[in-house]
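Okay, structure first, notes after.
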Amino acid sequence: MSTDSQRLAMAVARLNRRLRQERQSDLTPTQLSVLGTVAKIGPATPGAIAARERVRPPSITRILNQLVDCGYATKAPSPDDGRQVLVALADHGERILEDERQRRDAWLERQLEALGPEERELLRRAVPILTRLAEAE
C-alpha cells in the first residue's frame, strides 16, 4: 500500500469515527446504515437491501428484524408477489435518521466554517471523487 493510500485511508477512517461520535441514538452504525438505505431506496425486499449494503441476506434479516421489533421499520407483503416482503421506514425510523443527520451535519458544518475558503473549495471538489471511491466495486 502506498503512503498516499495509507494516509487517505487513515484520514477517512478517522473522520468516519469522529462523525460516529456525534451519534446519540442507541442504534449501531450498521443499523443506521441499513435505515439510511431503506430511506434512500424506499420499500424494498431484504435481498435488495442486502445487495445495497453489501452484506449477506442472513445478516440483513437479523438487522431488519431488530429494526422492525424496535419500531424503526415495517414489513409488509409485496403487492406484486405475496411470497416477498417489503421493508419500509417507519415514522420513528425517519425521526431517528433526521435527528442523527442534523447532529452530524451541524458538527461538520462547524468544522468546515473553521477552514479557509480554498480548503472548503478543495473539499467541495473532492466530494465526487470520494463518492466514486466509496461506490467502487
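The values are calculated or read from the model by the stated rules, or taken from the named source; none is laboratory data. For clarity, every value in this text was computed on a predicted model and none was experimentally measured. So basically every Cβ, Gly included, is an ideal-geometry build from the backbone, and we count neighbours across all protein chains shown. Protein only, heavy atoms only, side chains kept; ligands, DNA and RNA dropped before computing areas. Shrake-Rupley method; radii C 1.70, N 1.55, O 1.52, S 1.80 Å.
Values computed for the structure shown
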| quantity | calculated |
| --- | --- |
| Residue in the stretch 83-103 that is part of a helix (DSSP H, G or I), open to solvent by 40 Å² or more (accessible area, probe 1.4 Å), modelled with pLDDT under 90 and in contact with a helix residue (DSSP H, G or I) (Cβ under 9 Å, 6 or more places away or on another chain) present | no |
| Criterion violated by Ala126 - all others in (1) small (Gly, Ala, Ser); (2) surrounded by 12 or more Cβ atoms within 10 Å (Cβ to Cβ); (3) assigned to a helix (DSSP H, G or I) satisfied | (2) |
| Residue check, Pro79 open to solvent by 40 Å² or more (accessible area, probe 1.4 Å), part of a helix (DSSP H, G or I) and not aromatic (Phe, Trp, Tyr) | no |
| The stretch 99-120, residues that are touching a residue at least 60 places away in the same chain (Cβ under 8 Å) and within 20 Å of Ala39 (Cα to Cα) | Asp99, Glu100, Arg103, Arg104 |
| Residues (among the aliphatic types (A, V, I, L, M), outside any helix (DSSP H, G or I) and either free of Cβ contacts under 8 Å to residues at least 40 places away in the same chain or open to solvent by 70 Å² or more (accessible area, probe 1.4 Å) (or both)) located in the stretch 1-37 | Met1 |
